[in-house]
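The values are calculated or read from the model by the stated rules, or taken from the named source; none is laboratory data. If you're wondering where the values come from, they're calculated on a predicted model, not measured in any experiment. FYI the Cβ positions are ideal-geometry reconstructions off the backbone, even for glycines, and counts take in every protein chain you see.
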Amino acid sequence: MQVIHRKSIHFYHSLLCLCAQVNFVACQLFALLMAVWFRIYLHPSKTSPFIRHVVATLLGFYLALFCFGWYSLHFLVQSGLSYSVMVFAGLENMHKYCFIVTLGYLILCQITRVYVFDYGMYSADFTGPMMVITQKITSMAFEIHDGLTKREGQLTPGQKYFAISRMPSLLEYLSYNCNFMGILAGPTCSYNDYKAFIEGTCYQPRHQENANGKENGKYKQTEPSPKNDVISKLCTCAISLAVYLSLYKLLPVERSIDDDFVNSTPFHLQVVYLYLAMLALRPKYYFVWTLADAINNAAGFGFNGYNKDGSPRWDLISNLRILDIEFATSFKLFLDNWNIQTALWLKRVCYERCPINPTAATFLLSAMWHGVYPGYYLTFLTGIGMTMAARAVRHNIRPYFLVSDSYKGIYDVITWAWTQVAISYTVAPFVLLAVGPSLKFYRYVYELLIHCGVGDTMSAFLILKKYIHFARNKTSDLNIDQSKEQTL
């Protein structure tokens, strides 16, 4: 009876999860249609910013209510509390108080959802949109603080551009946080970029951080169309969804900690399976983030200057670069191209401002922002070590492989393989969520490395040591030859 009861509960949760996912996709497709209508019929040349703010906000509230029901009130509560802090707290400490209130409310909602309602079940997660709203609110708070309390000489070039010199009105604030283009899946963006989109000034030359001013000046006379980029991104969405639906059930990550699988599968095949299981999961994120990007582009938001050939770039708020992710040759390159807007948010509000150990602080903030599952914290703790190790390898070993193109090619292949393995190992607890499965995964990997991988690892180190010695001698010979040529 207990087995039947558990199966019925699992089936019920699976059905709820499927309904939530269908709701999400339907709402995003509706948002895509509304984005096209918004760009054509509410164009800034014939519609005031006030009307565009109102329509974008009301459509956002409608989508939130349709997807999450009364849970969407949390979006208003979080936004309202934070705006009150911005208005009534002193400018000197407003950004700190706002950060604590906004992130604290998000974590409180995550604790309630995970430990009170549906631990481990990906149902209609109303905290997902709150994560994006948290990024927007905290970014705005720091940008207001920069714009109203600091002199230009105290700011970096990026902080100068993003600094807000006037407190936004309540309507502007809600439109920025809850507009229909980004309410369900983001991505986050700066307030100044969003304001320029609403007012129709986003096609003017941008700051150097985003585009070349001369190229913008050359091609800015006509407003570029996002049609080709939107179609391309929708095709990417279709392919990503097809790949995900075809593979994710065939390659569950949980199999990597199954006793029978571990005991009957050689170590190298387990590594390959873990890589393929993680590879099968990524298209889900490719689909969600690329669709969100396409929606913003269809509304006219996301223009980022022009390429050298004069073609428009619509990647201002893009959240990923798929090919750069799949062919990344370092841990840093992978992270730089994955969830780009979140990485920029972490950089702007934490890494650039934290006076003590900014790398560890950034990983900790990222874990807290993602949620309260223990697997998240295990992933980001592992990520700190992986980042430090990757930096050391790149700094100490890479120079010896730059003596020729063939050696660099060998280095790229090796580092690509190790990057994919390192990412898979690091992210596994993020997918497994709970402490028990995550520690079981670590234990299996440790035992396999000890019993099966020590010999291979020692052989690899001996080969690498021999090669580095050879490359070092060759580099020295090249330097001597160059010195002789200069002397002659």
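So the values come out like this:
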{"read-out": "Residue under evaluation residue 82, criteria (1) hydroxyl-bearing (Ser, Thr, Tyr); (2) outside any helix (DSSP H, G or I); (3) touching a residue at least 24 places away in the same chain (Cβ under 8 Å), criterion not met", "value": "(2)"}
{"read-out": "Residue match in the range 95-114 (condition: crowded, with 16+ Cβ neighbours inside 10 Å, modelled with pLDDT under 90 and over 17 Å from residue 131 (Cβ atoms))", "value": "no"}
{"read-out": "For residue 201: the one exception among (1) assigned to a loop (DSSP other than H, G, I, E, B); (2) modelled with pLDDT of 95 or more; (3) surrounded by fewer than 13 Cβ atoms within 10 Å (Cβ to Cβ)", "value": "(2)"}
{"read-out": "The range 343-377 - residue that is part of a helix (DSSP H, G or I) and among the β-branched types (Val, Ile, Thr) and, of those, farthest from residue 433 (Cα to Cα)", "value": "349"}
{"read-out": "Residue in the range 369-389 that is over 20 Å from residue 339 (Cβ atoms) and either touching a Phe, Trp or Tyr at 6+ places or on another chain (Cβ under 9 Å) or of a type in the set (Val, Ile, Thr) (or both) present", "value": "yes"}
{"read-out": "Of all residues making up the range 311-357, the number that are surrounded by fewer than 17 Cβ atoms within 10 Å (Cβ to Cβ) and closer than 17 Å to residue 279 by Cα", "value": "5"}
{"read-out": "Residue list for the range 289-306, restricted to those being over 13 Å from residue 235 (Cβ atoms) and among the hydroxyl-bearing types (Ser, Thr, Tyr)", "value": "306"}
{"read-out": "Test set (1) within 30 Å of residue 231 (Cβ to Cβ); (2) surrounded by 15 or more Cβ atoms within 10 Å (Cβ to Cβ); (3) of a type outside the set (Val, Ile, Thr); (4) more than 19 Å from the chain's Cα centre (by Cα) - residue 407 fails condition number", "value": "(1)"}
